[in-house]
Amino acid sequence: MEINTQNSSENINENAIHFPNGLLGFENLKNFHLVSSDTEKDLHWLQPEGDSQIEFAVTLPSVFQVNYEVNLTDDEEKTLEIEDNDEIVVLVTLSKNQKENTDNSHLNANFMGPIIINVPKKLGLQKVMNHNENPVTITMRG
């Protein structure tokens, strides 16, 4: 996946992205590769090193035509070693919701557990939010 920040364009498939705390429910998995879908332009897969049975579908929030803001704590900024906000990309995980007894399905985006990646430093974390402590700001683009 090529990520364009304001200052550079980098391909983050080249190296593993290190998640010091893992992902929610997968805390033991620390290194992931981000792989672009062969068939869908905006679809990417976050795959842990050494475990081909697990993969997470992710995309940019802008795919849903929303402006999405995530506020990081000082500890989260330290974990990601942020020097400039332009280094950061935010991804949302996707899940497929299959309606029972039908062929209809749709994708859901998890805006309450975004994946934040410091692209140049190949560091990532999943921010787990709740409505009371971390209100999410999402506005439709028009």
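The values are calculated or read from the model by the stated rules, or taken from the named source; none is laboratory data. This one's a predicted model, so the numbers in the text were calculated from it and none came from an experiment. Please note: Cβ atoms are built from the backbone with ideal geometry, for glycine as well, and neighbour counts cover all protein chains shown. When the accessible area is computed, the model is the full protein with side chains, heavy atoms only, and any ligands, DNA or RNA have been set aside. Shrake-Rupley method; radii C 1.70, N 1.55, O 1.52, S 1.80 Å.
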Task: Conditions (1) under 20 Å from Asn21 (Cα atoms); (2) assigned to a helix (DSSP H, G or I); number of the one not met by Trp45 - done: (2)
Task: Scan of the stretch 34-48 for residues that are of a type in the set (Asp, Glu) and open to solvent by 90 Å² or more (accessible area, probe 1.4 Å), ordered by number - done: Asp38, Glu40
Task: strands (runs of 3 or more DSSP E) within the stretch 76-142 that include 3 or more residues modelled with pLDDT of 75 or more - done: 88-98, 105-118, 123-126
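Determine whether the stretch 43-53 contains at least one residue that is on the phi > 0 side of the Ramachandran plot and of a type in the set (Gly, Ala, Ser).
First, pick out the residues of the stretch 43-53 that are on the phi > 0 side of the Ramachandran plot: 50.
Within this subset, residues satisfying the condition of being of a type in the set (Gly, Ala, Ser) are 50.
Checked against the condition, which is being on the phi > 0 side of the Ramachandran plot and of a type in the set (Gly, Ala, Ser), the stretch 43-53 yields at least one hit.
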Task: the stretch 48-64 - residue that is outside any loop (DSSP other than H, G, I, E, B) and out of contact with any Asp or Glu (no Cβ under 7 Å at 6 or more places or on another chain) and, of those, farthest from Lys78 (Cα to Cα) - done: Phe64
Task: Residue, surrounded by the most Cβ atoms within 10 Å (Cβ to Cβ), within the stretch 24-33, restricted to residues that are at pLDDT below 95 and part of a strand (DSSP E or B) - done: His33
